[in-house]
Protein chains: 2
Amino acid sequence: MELKRSAEGEKGFEKVFAFLRERLLAGSLKPGDRLISERELASLLGVSRPIVREALRALTVLGIVEIRDRIGTVVTRPDVSVLNDFFTFALAQQADMLDDVMQARVAIECQAIRLACERANIADFERLQRALAKIGETIDEADAGGMADFDFHRAIVVASHSETLTVLHSSMAGLLTHSHRSRRELVQAFPSMKTYLIDDHRRIFEAVIARDPERADATLRKHFAIGDEYRRRAVVGDIDKTSASG
Amino acid sequence: MELKRSAEGEKGFEKVFAFLRERLLAGSLKPGDRLISERELASLLGVSRPIVREALRALTVLGIVEIRDRIGTVVTRPDVSVLNDFFTFALAQQADMLDDVMQARVAIECQAIRLACERANIADFERLQRALAKIGETIDEADAGGMADFDFHRAIVVASHSETLTVLHSSMAGLLTHSHRSRRELVQAFPSMKTYLIDDHRRIFEAVIARDPERADATLRKHFAIGDEYRRRAVVGDIDKTSASG
DNA sequence: TTATCATACTGGTCTTACCACGATCAGACC
DNA sequence: GGTCTGATCGTGGTAAGACCAGTATGATAA
């Protein structure tokens, strides 16, 4: 009983969580490792099994460990789903967050495309090219078109070879997929969007090929701005077909 | 046939979690609301209290609810700590992620400063000015200097008035604080860093004041690039300072 | 009316116990 | 001797009941 006070009032759950976090952060617990059993952990830290399970469950939702039924608890590589969950909940309670998330997406992609200009390899180029072609093929389809659009943008982020940027971008994917689709549905309303979508993405692609970060960033940024403009026009019902691109 | 098992194999925890998620996503549970007690929830869903606590704990680490001792469980506004925890763990298991996180930070800040140029108000300007002054005052102190540096950058993000960008930036704060400090420790080694730090931040400030997104972005980006350069030089030993006691 | 206190909550935790299944190894069979 | 089989043990998954320590609230006493 007296050993419990290992760290100033840590209250059971905190104790277990801190214990595991320590090992995980210190690196003594690495992905693939199997934790000791819940019972051992419980007796080791002087807490009950339910408390241990609370801590393990907490680490599970954080994507740090995975509880395998009748097998044990193993450390996993950090997973994106946490961020997905978070954004899902966050968005549900703050609908106005969508614009915010969009801003974050722009941030991530514009940085990613700069890195992509430096780091992209042949495979990345090919993936981008395929995505670009797909955009042209599916220009008249809302669903497939939105998918192709998203794939292209994801290819940019992947080409940055930055795990963190990819993770962040993916975490917003769920939310933005909807955005992509609704944008695609505007194609029928704005014929000029076809050229906008195709030409813009082609210009972006070319900038990456040219390995010109500034141009790529600027082009991508303008691409987003024009997309916003279209959406704005759709909202106010200002249906026309002027210019585009630019 | 039993109602308990009618929920398509949902295994207790999943059942509770799904139940709460449903309410949270549907909006019937909003921030500030107090959930029913654990005991009620348990009997309502036909599970035991420890299971309910697992689910509540899961929501807690996701920053969705807050369990208040002897008060109850209340729904909170989405909190940053989730992302903090995630990035902390993720980084611990992938040390090479630090550079990646830095890239993400650059992404967030460069986007934030663009928004700040549009949205910043007087209070934001004042906060930036104070942070700028602080940087000058603490130029010779590693700890306080690093703090002032970070405060300035945080002020930029805050001035963007974007919740998501702020959240993301904050989530990387913990990791990057260390980076800031070590960078500050280079000041003694590179006297030229003093002018770099002061002048750069002043130029960034001025660009925001001028509400010039392009210039602000470019200046901030250059600021980061120069910082990288200093760090690179320090790594290759292009200096000869008190190499010990680092 | 006010102040005090008993009581019925709340969450926080522990304990014990059972289940179903995977892993393992001993023994039986080939 | 080698292989297959099966019982046992350990694992996670869960239930039920109990206790503690505070809080909130109401009733009672001043």
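The values are calculated or read from the model by the stated rules, or taken from the named source; none is laboratory data. Since the model is a prediction, treat every value here as computed from it, not as a measurement. Here Cβ is always computed from backbone atoms with ideal geometry, including for glycine, and neighbour counts include all displayed protein chains. For accessibility, only protein heavy atoms count, side chains too; no ligands or nucleic acids. Shrake-Rupley method; radii C 1.70, N 1.55, O 1.52, S 1.80 Å.
Please give the total accessible area that chains B and A bury against each other, computed with a 1.4 Å probe and expressed in Å² to the nearest 100.
That pair hides around 4700 Å² of surface in total.
Which whole-Hz couplings ³J(HN,Hα) result when phi for each residue of the range A:199-207 is put into the Karplus expression 6.51 cos²θ - 1.76 cosθ + 1.60, θ = phi - 60°, listed in order with x for Gly and Pro?
With the stated coefficients, the range A:199-207 comes to 5, 4, 5, 5, 4, 4, 4, 5, 5 Hz.
Where Lys and Arg each count +1 and Asp and Glu each count -1, what net charge lies around residue B:163 among other residues with Cβ under 9 Å from its Cβ?
-2
Which net charge results when you count Lys and Arg as +1 and Asp and Glu as -1 among the other residues whose beta-carbon is under 12 Å from that of residue B:109?
Result for the local shell: +3.
Largest first, please: the extent of the C-alpha atoms of the range A:2-75 along each principal axis, to the nearest Å.
33, 26, 19
Spelling out what I want: for every residue of the range A:208-215, take phi, set θ = phi - 60°, compute 6.51 cos²θ - 1.76 cosθ + 1.60 (Karplus), and round to whole Hz; glycine and proline get x.
Ordered by residue, 3J(HN,Hα) equals 5, 4, 6, 6, 10, x, 4, 5 Hz.
For the range B:33-49, just list the computed ³J(HN,Hα) in residue order, Karplus coefficients 6.51, -1.76 and 1.60, θ = phi - 60°, integers in Hz, with x standing in for Gly and Pro.
Couplings: 5, 9, 6, 5, 5, 4, 5, 4, 4, 5, 5, 5, 9, x, 10, 8, 4 Hz.
Need the per-residue list for the range A:18-51: every residue with at least 50 Å² less accessible surface in the complex of protein chains than in the chain by itself, probe 1.4 Å, sorted by number.
Buried-area filter returns A:25.
Over the Cα atoms of the range A:1-157, what is the Rg over Rh ratio if Rh follows Kirkwood? Please report the intermediate quantities before stating the final value.
Working: Rg = 22.2 Å, Rh = 19.4 Å.
Rg divided by Rh gives 1.15.
Which whole-number percent gives the relative contact order of the range B:3-75, counting Cα pairs below 8 Å spaced six or more residues apart?
Worked out over the range B:3-75, it gives 35 percent.
Among A:123, A:111, A:133, pick out the residue whose Cα is farthest towards the positive end of the charge dipole of the range A:81-236, where Lys and Arg carry +1 and Asp and Glu carry -1 on C-beta, about the Cα centre.
Of the listed residues, the answer is A:133.
Limiting things to C-alpha atoms, what are the Rg and the maximum Cα-Cα separation (Dmax) for the range A:81-236, in angstroms?
Values for the range A:81-236 (Cα only, Rg and Dmax): 14.9, 43 Å.
Around residue B:217, with a cut-off of 15 angstrom between Cβ atoms, what is the net charge of the other residues, counting Lys and Arg +1 and Asp and Glu -1?
Local net charge: +3.
Could you pull out the pairs from A:30/B:30; B:134/B:222; A:11/B:15; A:15/B:15; A:15/B:134; A:15/B:11 whose alpha carbons sit more than 29 Å apart here? Present the calculation step by step, with values, prior to reporting the outcome.
Details: A:30/B:30 38 Å; B:134/B:222 21 Å; A:11/B:15 27 Å; A:15/B:15 27 Å; A:15/B:134 38 Å; A:15/B:11 27 Å.
With Cα atoms farther than 29 Å apart: A:30/B:30; A:15/B:134.
Under the convention of a label 7 Å out along Cα→Cβ, give the distances in nm from residue B:222 to the same position in every other copy, shortest first.
Result, one decimal in nm: 2.3.
Just grab the label-to-label distance for residue A:137 and residue B:203, each label 7 Å out from Cα along the Cβ direction, in nm (one decimal).
The two pseudo-label positions are separated by 4.7 nm.
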